[in-house]
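The numbers here are math on the coordinates, done by the rules we state, and not lab data. Small disclaimer: the values here were computed from a predicted structure and weren't measured. Cβ atoms come from the backbone with ideal geometry, glycine included; neighbour counts cover every protein chain shown.
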Amino acid sequence: MASAKQKFYKWHRIIGLTALIPVICWTLSGLSHPFMSNWFRPSIAQEVYKAPAIGEMSFGLSLQQMLHKNGINQFRNFGIVKFNNQCYYQVLGKDSTLNYYEANTGNLLTGGDKLYATYLARYFTQDSSSAIKSITLQKQFDSGYQPINHLLPVWKVSFDNARGMDVYVETSQSRMGTFNNNTRKVMLKVFEQLHTWQFLASIGGEQFRIIVLLTVVSILFMALLSGLVVYGFFWKQFKAVTEKRKEHGREDKRFVHRFHRQWGLIVSFVMFTFLFSGAFHLYVKLHNNNPAHKSYTQLINSEDLKLSSLQIPVTDSTVKKIGIVIFNHKPYYQVTNNQKNVLYFDSATGDELKDGDVLYAQSLADFYHSDKSAVPNATVTQIRQFDNEYGFINKRLPVQKVAYANGENWYIETTTAQLATKVGGLDRTEGFSFIILHKYFGMTWAGKNARDIVSMLAALGVLVVSLFGFAAFIKDK
């Protein structure tokens, strides 16, 4: 039996050594997260763009007149924006590029989308003096603009100043994706490589990355469990050795081993919560690692717009945003007012479509369901602020929550016809597990600083125990 115990002890040491580097990577990057997301997070003057009401703008031409003047027979959508003291029709063309036409003359503004992105970036930063170092259209996520930001395409506007500020702007909706200064850029890259191991995706793809991470987490689980078993097997022996040492007054030469055992027992629960929530998170990612949802697109014939854009039966002073959608094979003016209500008006008659946003959200949810036969009855509720299930990381507001009887909630941003996110039973459980067991949101009641300090102490405890285990191994050599 003693031989079996010794072999088990040996295997614990081998597994622990195998897991040492991942533990160091994950705990150090975990320690850096509060600095990146809280204490060293850069500030910005304005996070939300306050667009002027349509009633504050002047129009010499209707949408139809502008389209006719520029020979535009088909387009995907339009909006109205004002910047640099000029009003423009913002038209999403057949090629999905945005062009800007003066609302008074109908003339094309050369490089309009880039100019508007620059205007918005300066609005968000309230920086009118720094030079623009570069401005590029970004259609994919990267280390600086990660998938958690959701919005694409965006313009990356880089300022030439001491902070090295980058602002990511979605011009089609006049909103900001995120912003980074020099410090945050470095931290994001470090976190991406040490914590999420994004380099693995570059080598073998996203599925390969997740499988490798799950394998490593499994090894860490074995190191944790084997350590607890070793302590259970040997605790009487450890106790006897300690008592004998004290009885004879000998120097404690195995302090490192004793500290590793004692603190390992203390932080074992913390390590378990990190590993369990991380493994669950990875499993759900692997489970959901399907091809991206199909994109919803529409093409509007200019000749179908019988009602002038200047004659929509709604008070201009209340209108914050305007666009066009195709619903039930008919184009409707989609109007967002200052109460965040989204209204729909027939582009031929001007008649308002009752409960239009609810009906349109249901139609879009049906479109995004891959299995049409599985679409059950649903209730639709507008969400105007973020909550525990639909968090701020989703970026889009307001959205319609399409809730199905099977527990699935589909969040649709009707003004862009985009699926913001889908939350099912497994996703909901995993999300709760991750924010409570991995990010310590259960400590939110004590304040963000207290929560971050507790999470750092937990990560530091795991790191210290691992390093003392390695030191014990070295001393035994």
Entries in 340/448; 94/114; 50/439; 69/354 that, when Cα-Cα distance is taken, lie over 22 Å: 340/448; 50/439; 69/354
Highest-first arrangement of 115-126, 274-285, where packing means the average Cβ count within 10 Å: 115-126, 274-285
Tensor-based shape of the range 153-203 (alpha-carbon gyration tensor, a/c under 1.5 rounded, otherwise prolate or oblate): oblate
Residue 276 paired with residue 107, simple spin-label distance in nm, labels 7 Å along Cα-to-beta-carbon: 6.8 nm
Cα-projected label distance for residue 189 with residue 429, points at 7 Å along beta-carbon direction, nm: 4.0 nm
Residues 395, 306 arranged by fewest to most Cβ contacts within 10 Å: 306, 395
Structure-derived percent of Cα pairs over 39 Å apart - corresponding label in [x] 38; [y] 26; [z] 19: [x]
Residue 163-residue 352 pseudo-label distance in nm [points 7 Å out on the Cα-to-Cβ vector]: 4.2 nm
For residue 175, residues with placed amide H under 5 Å, excluding near neighbours: 170
Burial ordering of 66, 36, fewest other beta-carbon atoms within 10 Å first: 36, 66
Cα-based shape type of the range 423-477, given that a ≥ b ≥ c are square roots of the gyration tensor eigenvalues and the cut on a/c is 1.5: oblate
Reciprocal of mean inverse Cα separation for the range 318-474 (Kirkwood radius, Å): 18.7 Å
Computed E for residue 475/residue 406 - FRET, C-beta separation, R0 35 angstrom, nearest 0.05: 0.05
Stretchable slack from residue 96 to residue 295, in nm (0.36 nm times residue separation minus alpha-carbon distance): 70.4 nm
Of the DSSP H helices in the chain, those whose Cα atoms cover at least 27 Å axially and whose Kyte score averages 0.0 or more: 2-34, 206-248, 255-287, 448-476
The chain - mean residue ellipticity at 222 nm from DSSP helices (-39,500 (n - 2.57) per run, n ≥ 4, rounded to 500): -14500 deg cm²/dmol
Extended-chain gain in nm, criterion 0.36 nm per residue less alpha-carbon gap, residue 24 and residue 329: 104.1 nm
Amide proton proximity set for residue 420, modelled H, under 5 Å, gap of 5+: 411, 412, 413
Nearest-0.05 FRET efficiency for residue 152 and residue 215, computed from C-beta distance (R0 30 Å): 0.45
Full-extension gain in nm, residue 262 to residue 315, via 0.36 nm per residue minus C-alpha separation: 12.0 nm
Theoretical FRET efficiency, 1/(1+(r/R0)^6), r = Cβ-Cβ of residue 203 and residue 140, R0 22 Å, to 0.05: 0.80
